[in-house]
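To keep things clear, I will list the structure first and then write my remarks on it.
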Protein chains: 6
Amino acid sequence: MTDILTVVDTLCKTPRVGWLQRGVTDAETVCAHSLLVTLLAGEIAARLNTEGVDINMAEVLAVAAVHDLAEAVLGHPGREVRDRLRWEELEEEVFKREFPHLAEFFRWYRYETNTVGRIVAFADKLATLIRACRYSQLGYPTEDLARSLYKKLMAYDDFAHILDYYVSKYCRGLS
Amino acid sequence: MTDILTVVDTLCKTPRVGWLQRGVTDAETVCAHSLLVTLLAGEIAARLNTEGVDINMAEVLAVAAVHDLAEAVLGHPGREVRDRLRWEELEEEVFKREFPHLAEFFRWYRYETNTVGRIVAFADKLATLIRACRYSQLGYPTEDLARSLYKKLMAYDDFAHILDYYVSKYCRGLS
Amino acid sequence: MTDILTVVDTLCKTPRVGWLQRGVTDAETVCAHSLLVTLLAGEIAARLNTEGVDINMAEVLAVAAVHDLAEAVLGHPGREVRDRLRWEELEEEVFKREFPHLAEFFRWYRYETNTVGRIVAFADKLATLIRACRYSQLGYPTEDLARSLYKKLMAYDDFAHILDYYVSKYCRGLS
Amino acid sequence: MTDILTVVDTLCKTPRVGWLQRGVTDAETVCAHSLLVTLLAGEIAARLNTEGVDINMAEVLAVAAVHDLAEAVLGHPGREVRDRLRWEELEEEVFKREFPHLAEFFRWYRYETNTVGRIVAFADKLATLIRACRYSQLGYPTEDLARSLYKKLMAYDDFAHILDYYVSKYCRGLS
Amino acid sequence: MTDILTVVDTLCKTPRVGWLQRGVTDAETVCAHSLLVTLLAGEIAARLNTEGVDINMAEVLAVAAVHDLAEAVLGHPGREVRDRLRWEELEEEVFKREFPHLAEFFRWYRYETNTVGRIVAFADKLATLIRACRYSQLGYPTEDLARSLYKKLMAYDDFAHILDYYVSKYCRGLS
Amino acid sequence: MTDILTVVDTLCKTPRVGWLQRGVTDAETVCAHSLLVTLLAGEIAARLNTEGVDINMAEVLAVAAVHDLAEAVLGHPGREVRDRLRWEELEEEVFKREFPHLAEFFRWYRYETNTVGRIVAFADKLATLIRACRYSQLGYPTEDLARSLYKKLMAYDDFAHILDYYVSKYCRGLS
């Protein structure tokens, strides 16, 4: 198995390049993002459970916690690099080789093969939207990204009320 | 529910005080520690599954990912402060109030009420041991802590072979 | 005596948790706060001396410079932790054990047993208010804290003109 | 033209992923690397000029200073990502689009089309070797990388005496 | 020759004191500034070439890339220190001793002895103006500096249209 | 009076250039150094008091806490800059203008006009020696500086036993 100590240190020292490219000082790292997705996915799962949808909380948290692990090997390159590759296949390969016991969870998320994976994929985009809104309040030019994420999130019809809740909490000026 | 954005930022900006008190520059944060525990617990669960012990991987990862969340509210004070309080009860209170949907997972870990919780409690100490060994290699005086953690970890009889594996990988000079 | 090198490094690497919990990036450390209290207390003492109140400048600076030393041992936990303990007694114990030659100065400040201690206690709160106002100007949600500190500071009747001076300089929108 | 302010901030905040993956705390950024290549290439050019080889100093410095600019757009991903793409073509595209006035300089370096470009390509690898040696002295496991770079650098026959000079200065235990 | 590794690390860890004195958190380092001057001078040279003025691009980039190297030895002190010394002579001495092969380039810039040096001197001030404007947008009190730099830049009559371009892009509220 | 908030932030963000020039990552700031001098001077004063020498503890702490304040205005330039100026007169001027109420304390230290000032001047050098020894243990090349400071400290005959104590505690390999 791989050296998880440097996996952690790489993820917790790698700034997300989209923020850097918008001038953000002290940009969110990949590991901080992963934790935000985990907490967000957990809140969403709790809410859905309250609403009578039966969601396995442990699975939601687990998938969210590991969904970006491949970036410890691949790094966090710009959009243009990802678009040139079948990025998701590359990630999957890394999982199979480095974290075989977690590869199935990755697939749930990446290909949204079940509800758990779908919640995490939604939370992943939503976490980025929330962060973009916070950065915008601090004076950084992240509105473009916020708007484009908002559109993508609206495609998740059944989570519309959840999207509304977080947008009204974190992204006042958006909609 | 609480503001998870500042929960994340607090955890990812709070250095673990034990490292600071041993002079470590750029000390591990609480959120980096949590991720290390998560990956370590996942590796251990995978190994135990291979050995025929049936462990729910999602639960292990989920519990590990959230086990230190209360520190977003409580901070990460020195040993002396924890010893004066029923620290675990205080943590539990915070979970009930701020993360009620995660409180059950916290209890598994803190009171080791089931195998999942026991694995995470073991991984929590082991992650700190591994970090202490790495810091020691970089020239920091962390041997005392490593030795005391090693003793505590030896109490987990059935995980002795797992302890051996990680000690031989990360803590050559220890035993 | 204790290892003052790690005392310094701990204090200068420990962010004040209240700022983290309000999302402040690159939050003020305990040692930066101590220095601010020292300079502020010095300015206040100079002013009082001008006004004919006889203040020992050296004592004011000395007490301010050391008033938070116990946090090198205790860390800087959240409000909730402090409220559960007799925090000031815990601090005093640490002083007696680790910095016995400074324990008397600590008591002047903590129990406001003389004018010097009272000035430092006032400057301690005022330094936090000033910082809150600066953070607010940068876009962080610290108004609640500013307002609550302002109230506490108004209790120092005889320093009202001093409070006015700093509020008009740093906290325009406050009163 | 592109926004050079965020170009700079991205390059000066992007840690080189190879160091992170070897556990280096406070890893060299892309912009610090670029400056090291610039100074190194300048020293080498000065030496070659002394030896009677006629090198245009301005061109060497200019090419070195800009050789990694494309990473402001592409980020600094892991080796595996670069190997899947025609990375150099991707870089060239970015240059043509974002820095057309610098694209020719990039080609000199990337395809080693002239002596200037060859010196910079050599200095690029040498700068990484020197850094690896320094990290190794601080306790990080970078010997593997140092050894593999050393081999690549030995392929530049005519710069062998230069390689010797820097290896004896920075990498005592290597050869 | 001097140790260029610590030259780089010093420049990339030295914050420019003028920003610190205006309260900027995570202030621009000397090496980030140098890179900004380099890119800016390159853009300006490209534009002038388009306009029919014949500028040697390599020389402009080279001079910009090295213009602040002396600060690796001298540090980056406050204005008051520079004004007490013949700062430019001190810089020149450092260049002659530590970077003799670059001393001529330094003189072009410092004494504006030719068009290349003049472009870099202009870009040096313009880079600081642009940064001041960005900091101002984030809430820092840097308008005074922006205004004073703007005045100095207006003295370069023949670059007036270039100044206009960058001011309208980065410093909306200024003129 | 001056803006003490930016005084603090400047001092707590300014790395001491001598460490940078020896390659130290995360170098000690001026404000961390000031705190170390304060604690060290306090320990020395306590010891001298025990030995029957009558030292005013408050004065020792006060002088140490403020002795480097002028660097908020002047910055922390390299040795070469200080040697070209009457640095101490420049510092004194800054004190008179910006911190007139502290100028007398500065003079005690800078010109060692009394025992209090002499203790702080001794502690200032000793703090730098201790830090040099710690950096040396972490792998940085600071022995030259340690040795030169040790010689200067030996000139304080009456503090020889104090020097011995700290050297045996922090600088094993030195004498």
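The values are calculated or read from the model by the stated rules, or taken from the named source; none is laboratory data. These figures come from a predicted structure and were not determined experimentally. Here the Cβ is made from the backbone with ideal geometry for all residues, glycine too, and neighbour counts use every protein chain on show.
Within segment F:36-50, track down each residue that is surrounded by 24 or more Cβ atoms within 10 Å (Cβ to Cβ) and within 10 Å of another protein chain (Cβ to nearest Cβ).
Answer for segment F:36-50, where residues must be surrounded by 24 or more Cβ atoms within 10 Å (Cβ to Cβ) and within 10 Å of another protein chain (Cβ to nearest Cβ): F:Leu36, F:Val37, F:Thr38, F:Leu39, F:Leu40, F:Gly42, F:Ala45.
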* **Yes/no for D:Phe105 being within 14 Å of chain E (Cβ to nearest Cβ), more than 21 Å from D:Gln21 (Cβ to Cβ) and part of a helix (DSSP H, G or I)** => yes
* Structure fact -> From the option list B:Val81, B:Val66, B:Val8, single residue qualifying as over 16 Å from the mean Cα position of the chain (by Cα) and either at positive phi or crowded, with 24+ Cβ neighbours inside 10 Å (or both) is B:Val8
* Asked: For segment D:15-25, what are the residues that are out of contact with any His (no Cβ under 7 Å at 6 or more places or on another chain) and modelled with pLDDT of 95 or more?
  -> D:Pro15, D:Gly18, D:Trp19, D:Leu20, D:Gln21, D:Arg22, D:Gly23, D:Val24
* Any idea which of F:Val81, F:Val66 is of a type in the set (A, V, I, L, M, F, W, C) and in contact (Cβ under 8 Å) with a residue 24 or more places away in the chain? -> F:Val66
* Quick one: is A:Ala146 farther than 29 Å from B:Leu39 by Cα and part of a helix (DSSP H, G or I)? -> yes
* Is it the case that segment B:152-161 has a residue that's within 14 Å of chain D (Cβ to nearest Cβ), assigned to a helix (DSSP H, G or I) and out of contact with any strand residue (DSSP E or B) (no Cβ under 7 Å at 6 or more places or on another chain)? -> no
* Structure fact -> The lone condition E:Asp164 fails out of (1) more than 14 Å from chain D (Cβ to nearest Cβ); (2) in contact with a Lys or Arg (Cβ under 7 Å, 6 or more places away or on another chain); (3) part of a helix (DSSP H, G or I); (4) more than 30 Å from F:Leu5 (Cα to Cα) is (2)
* Residue check, C:Phe99 facing another protein chain (nearest Cβ under 9 Å) and at pLDDT 95 or above -> yes
* Structure fact -> When every residue in segment B:95-132 that is farther than 25 Å from B:Lys151 by Cα and buried (at least 21 other Cβ atoms within 10 Å of the Cβ) is compared, the one farthest from the chain's Cα centre (by Cα) is B:Phe99
* Asked: Would it be correct to say that C:Glu59 is in a helix (DSSP H, G or I), within 11 Å of chain F (Cβ to nearest Cβ) and under 30 Å from E:Leu138 (Cα atoms)?
  -> no
* Asked: Here is a list of conditions, (1) over 28 Å from C:Lys13 (Cβ atoms); (2) more than 10 Å from chain A (Cβ to nearest Cβ); (3) in contact (Cβ under 8 Å) with a residue 40 or more places away in the chain, and B:His76 meets all of them except one; can you say which number that is?
  -> (1)
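Would you check which residues across segment C:119-142 are farther than 18 Å from C:Leu36 by Cβ and either in contact (Cβ under 8 Å) with a residue 12 or more places away in the chain or more than 14 Å from chain A (Cβ to nearest Cβ) (or both) and list them? If you could, list the steps in order and put the result at the bottom.
Within segment C:119-142, the first condition is being farther than 18 Å from C:Leu36 by Cβ, and the residues that meet it are C:139, C:141.
Result: C:Pro141, single match.
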* What single numbered condition from (1) away from chain A (no Cβ under 12 Å); (2) touching a Phe, Trp or Tyr at 6+ places or on another chain (Cβ under 9 Å); (3) outside any helix (DSSP H, G or I) fails to hold for B:Val53? -> (2)
* Specify the residue that is nearest to the chain's Cα centre (by Cα); the eligible residues are those in segment D:12-33 that are part of a helix (DSSP H, G or I) and more than 7 Å from every other protein chain (Cβ to nearest Cβ). => D:His33
